[in-house]
Structures are given as structure tokens and as C-alpha cells.
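Asker: Take a look at this one; I'll ask things after.
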Amino acid sequence: MKTFIINNLKIACVFCFFSAPVTLLAQQQVRGKIIDAIDSTPIAGATVFIAATTVSTISDTFGNYSITVPVEGSFDIVVSHVSYQRVSRTIDAPKPLHTIDFTLDGMELSGAIVTARSNVRQRDVNLFWRRLLGKLPSKNGLEVLNPEKVYFYRSRDNVLKVSSDEPIEIVNHEMGYYITYYLQSFEHKYRENETLIFGKPFFEEFTPQDNKQKEQWEKKRQDVYSVSLIRFFRALYHKKTREEGFLLVEADSIRRASTLFPLDKILQFGENKVEVSIKSNMYVGCINRYITDDAIENTLYTLTNTEQGYSANRVVVVFPPQVFSIYSDGSYSGHLSIHDPGHSMTGLSNTLPIDYK
């Protein structure tokens, strides 16, 4: 999972994507060997997984592994073993075959910050879970199995930091996933109202008990997929944002009810990717239908009205000035900054594995 910088802007929000499944147009292969840092002996039984997917494998008796990456863009590969410290590698240069060896150090405590409860308010705890999950934990929604392993610290300058020595175990009862989340850093600056989250989730799909549960899970997955980041990037890559119902508006245009954000000015097409260069705040909304000329001329009304047929699943997010690359399957490379007031795209309750189809 990439770094997300999330600002809780005071705006009315709504955002929506078409719910067609992801088509995996290209895949990458990774292979290599996992050894002990002290004596270079091979490590068998290490779990190797691709972050934000359901794809994993186990190293063999010789420490060798091979895994298929279901995305065209950059990805994080993680190696975990009960007797060793977890390691990961970010691959920013996609290609058909990668050879990556890992050397693991023995397990040792990292010294997580544990503070007196008086230093941490309930609002701090709630803020962390809302930012990470998109909502508060619950027995029927997103259930956190080991919340006692999460440590909170609030500094004198009102900065909240959260850490965890162990993966956070989460059950998504709404969509039928077991999520192992490796939190690397969490920091919220109250003064700036800005949150920095860096972590790597891994998804495991549950087997439904019956057809009714299967249908419920799939309906929820489709609802979440309809507001996923990957759908927007696919439309942007193919320059079909208007056809697929996306309204891209410059920041000032919200107030002036002006025109669409000029795609030709922000997209630079390469051989197998598109560089996105945003130089001013870009609001992104969707009315879940073809963007008509009337909708463009009445931008403010299109984004904010609540009449039936316009705002059923609508969300608005803001992309501040930045540069990143996108690929045809909706994957991307680079650090992504999103102003997401409702956590509609960045919370785990609103996130599916990349290989969902």
C-alpha cells in the first residue's frame, strides 16, 4: 500500500465509479531466495505476499520462492516469518520478471511507544480507527481482533502517533475478508488536520456459508468497487472520464461552476504508462452517468445536489498538486496524496484487493 496523505477538508463530498471488474492486462513475475542474515542458510516456510492483494506463496526447503504479481504498475512485496523480522521491498520499475533475494534478521522487539492512558484521549483512538478503517471498529462491520497490540502517543505539540509491533488483524464481515495490516507509521497533525498513513494490507478471502451470504458479500464488494481508486485511474488512463461519468473540476471552478479539468494538460502518455502531473487542486466527482454538456455548465449543481439519480453513491475527493504514473489496469506508481474527507477511498472498509475481479 502506498503512502496516503489525507486532509479532512470542510466540503460536501460525493464520488462514484463504474463497477466493471478489473481486467488484468499484464502480470509480473518475481522469484528469488530467502536466507538467514547470520549464516546464509536458506529459510523455508517464509510467507511471501504482494501487498494489497490476495496473492501469496511460501518459500521451499531451499529458501526459493516464485510469485505472480497481478498488476502492471509498482507494487510492494513482503516477506514474513515467525522467527525473523519482516522485510519488504517496493518495486517502482515494472517489468515482466524480477529477481529479488531477501536476507532476514532474527526477531527482536522494536520498542513500541507505550504511554499512559491519560496522554491519549478517546477522540485520538477513534480518529486513528476512522482514518485506517474508514469507520469505527464493530463486531458486525470491521472487527479488530487484537486492538491491544496498537499503541498510541500524543506529543505536546498535538501530534498523534500510532504504532504496532505485530500485524493488526481485521475481519471485514461486510465483504468477507480477513485483513492482515502491517502498520509502518501513522501520524496525525491536529493543527494542520493532516494524516500520514503508511502500511501494507494483505487480504484473505473467506468462504461464504451459503448463497445468501455470498450474494451479500458480492453486493457490498461491488458497492465498494464502484467508488474505488482503481476505476478512476482506468478511466483517466483511457481518457474516458466523461464517458464513464467522472467530473474533474479545477478548485476555483467549484465556486464559479465552470468547465472540466483539462486532461490534455495533465496527462503525458508513454509506452505503457501515463504520467499524471497535477499543478492545481483537482476535484473529482461522479454522477454515475455520461457527463452531459449541461452537467459541465452547471458544475456546482452537478456535484452538490441531492436529487434522486444524481447522488446515490456520490463522493468528492481532491487531488492536490503532485506527479504520479498510472497504468491501463488502474495500478499506479509513486506516492499519492488525496484529500478524502469521508475516507471513501482510503479506509480499509472501502478498499478491495487489487486483484479483485
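Asker: Within the range 84-104, track down each residue that is open to solvent by 70 Å² or more (accessible area, probe 1.4 Å), assigned to a loop (DSSP other than H, G, I, E, B) and at pLDDT below 95.
Answerer: Asp92, Lys95, Pro96
Asker: Is the range 251-263 home to any residue that is within 24 Å of the chain's Cα centre (by Cα), modelled with pLDDT of 75 or more and open to solvent by 70 Å² or more (accessible area, probe 1.4 Å)?
Answerer: Among the residues of the range 251-263, not one is within 24 Å of the chain's Cα centre (by Cα), modelled with pLDDT of 75 or more and open to solvent by 70 Å² or more (accessible area, probe 1.4 Å), which makes the answer no.
Asker: Mind checking which residues of the range 57-81 are in a strand (DSSP E or B) and crowded, with 17+ Cβ neighbours inside 10 Å?
Answerer: Selection gives Tyr65, Ile67, Val69, Phe75, Asp76, Ile77, Val78, Val79, Ser80, His81.
Asker: Output yes when any residue across the range 205-220 is assigned to a strand (DSSP E or B) and surrounded by 19 or more Cβ atoms within 10 Å (Cβ to Cβ), and no when none is.
Answerer: Keep residues of the range 205-220 that are assigned to a strand (DSSP E or B), which gives 205.
Subsequent filtering for residues that are surrounded by 19 or more Cβ atoms within 10 Å (Cβ to Cβ) retains none.
Looking through the range 205-220, none of the residues is assigned to a strand (DSSP E or B) and surrounded by 19 or more Cβ atoms within 10 Å (Cβ to Cβ).
Asker: Please enumerate the residues belonging to the range 221-236 that are in contact with a Leu (Cβ under 9 Å, 6 or more places away or on another chain), farther than 17 Å from His343 by Cβ and open to solvent by 10 Å² or more (accessible area, probe 1.4 Å).
Answerer: Listed by number, the list holds a single entry, Arg221.
Asker: Residues in the range 321-345 that are under 22 Å from Lys279 (Cα atoms) and touching a residue at least 60 places away in the same chain (Cβ under 8 Å): how many? Before you say what the answer is, go through the steps one by one.
Answerer: First, pick out the residues of the range 321-345 that are under 22 Å from Lys279 (Cα atoms): 321-327, 330-341, 345.
Still in the running and touching a residue at least 60 places away in the same chain (Cβ under 8 Å): 325-327, 330-341, 345.
So the count comes out to 16.
Asker: Under 7 Å between Cβ atoms, which residue pairs at least 6 apart in sequence (or on different chains) link something in the range 30-45 that is farther than 8 Å from Gly63 by Cα and modelled with pLDDT of 95 or more with a partner that is among the charged types (D, E, K, R) and open to solvent by 60 Å² or more (accessible area, probe 1.4 Å)?
Answerer: Close Cβ pairs (under 7 Å, with a partner that is among the charged types (D, E, K, R) and open to solvent by 60 Å² or more (accessible area, probe 1.4 Å)) amount to Gly32/Asp101; Ala37/Asp105.
Asker: Sort out which residues of the range 30-55 are small (Gly, Ala, Ser) and surrounded by 16 or more Cβ atoms within 10 Å (Cβ to Cβ), and write them in order of number.
Answerer: Within the range 30-55, Gly32, Ala46, Ala51, Ala52 meet the criteria.
Asker: While we're here: Of the conditions (1) among the hydrophobic types (A, V, I, L, M, F, W, C); (2) at pLDDT 80 or above; (3) over 24 Å from Pro321 (Cβ atoms), Ala295 clears all except one; give me its number.
Answerer: (2)
Asker: What pairs can you find where one residue is in the range 157-177 and under 20 Å from Gln222 (Cα atoms) and in contact (Cβ under 8 Å) with a residue 60 or more places away in the chain, the other is of a type in the set (Val, Ile, Thr) and open to solvent by 40 Å² or more (accessible area, probe 1.4 Å), and their Cβ atoms are less than 9 Å apart, with a gap of 6+ or different chains?
Answerer: Within 9 Å, the pairs are Tyr177/Thr54.
The values are calculated or read from the model by the stated rules, or taken from the named source; none is laboratory data. In this text, all values refer to a predicted model and were calculated from it rather than measured experimentally. All Cβ positions, even for glycine, are placed from backbone atoms using ideal geometry, and neighbour counts span all protein chains on display. Heads up: the accessible areas ignore ligands, DNA and RNA and are worked out on the full protein's heavy atoms, side chains in. Shrake-Rupley method; radii C 1.70, N 1.55, O 1.52, S 1.80 Å.
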